[in-house]
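Below is one structure; the comments refer to it alone.
The values are calculated or read from the model by the stated rules, or taken from the named source; none is laboratory data. Everything numeric in this text was worked out from a predicted model, so none of it was measured. Cβ atoms come from the backbone with ideal geometry, glycine included; neighbour counts cover every protein chain shown.
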Amino acid sequence: MKEGGDGFVRADQIDLKSLDEQLERHLSRAWTMEKKKDDERGGSGGGAREREEWEIDPSKLVIKGVIARGTFGTVHRGVYDGVDVAVKLLDWGEEGNRTEAEINSLRTAFSQEVSVWHKLDHPNVTKFIGATMGATGLNIQTENGHIGMPSNVCCVVVEYLPGGALKSYLIKNRRRKLAFKVVIQLALDMARGLSYLHSKKIVHRDVKTENMLLDKSRTVKIADFGVARVEAQNPNDMTGETGTLGYMAPEVLNGNPYNRKCDVYSFGICLWEIYCCDMPYPDLSFSEITSAVVRQNLRPEIPRCCPSSLANVMKRCWDANPDRRPEMDEVVAMLEAIDTSKGGGMIPIDEPQGCFSCFRKYRGP
């Protein structure tokens, strides 16, 4: 499908800093077989494949140390054309059995994802630099010389963000909490990024703090853009559970039609998480969360010390009725209007030791 009209492109489930391994498994078969097809076409006079505009020039890429290792590849620090980047090298075997239709669909989905992402430009969206998919003779320069890559290796390059995931930052501050002005700053970064995506007709569908990265100045950047495609104008065509439990809107959990307002719901949960530096529903199982959110209107408990201005944003965002949730640009305006000069976080100005009245041993809903 192509982008256009009033439809929304939707994106989910690939964090390019730590790419979803399940999708990697699926794509491996597609790229390997497509490479074979390309070789066959080339051998019979088919000519060279036209270069996609998002494809990188491997000669400009310098690989440095490993940041992380996964089942199907490694994430490296690197430099691409003089810019600090994160580089994921994905190397798969011949695992998985897929029909030719599934293979074509997966390749098309990946190509559409990167073609959408490379057009995005916003200070609160992680910059996608480029990718290669099974390039013939991929030869990457490293600090120790050159290494030749197997033809089925995929190389994904994004801007390097040294602050790591927002979720990790919140976990580090779980005991001492965050100053109110920091809470609002982080929330505004996230809200502005989502507002931008919605203005570009993109529905994220997996908004969570784990998919938000921090740069060296603690600016939040959305880092997850998965399989992107146009949202049908008929909302009944946009169904199915997509996202992460605890952040998923009731209509998504229930398998009902949904739109960009599912992102607004997820943002409301993230806003609570940023304020509390805690996890929503820590004492419930996945099945209990699904049932309680949909049937009992369960939401995280807002601390008593939370200013009504911020609590109101949370409640409006996670309203059970998507039509009553605000648009993300309205959320930005509400957050910008909040006065942080007198505090209001879980670290009150006159109580540096913390707002103990808001803490209890029992952290369930």
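The condition (being buried (at least 17 other Cβ atoms within 10 Å of the Cβ) and more than 23 Å from N211 (Cβ to Cβ)) is satisfied by just one residue among C305, C262, C276: C305. Here S199, S195, S168 are screened, and the one residue that is modelled with pLDDT under 95, more than 30 Å from T74 (Cβ to Cβ) and in the same structural domain as P307 (by TED's automatic domain parsing) is S199. Looking only at segment 152-161, decide whether some residue is more than 24 Å from I202 (Cβ to Cβ), more than 24 Å from the chain's Cα centre (by Cα) and at pLDDT below 75. Yes: one or more hits.
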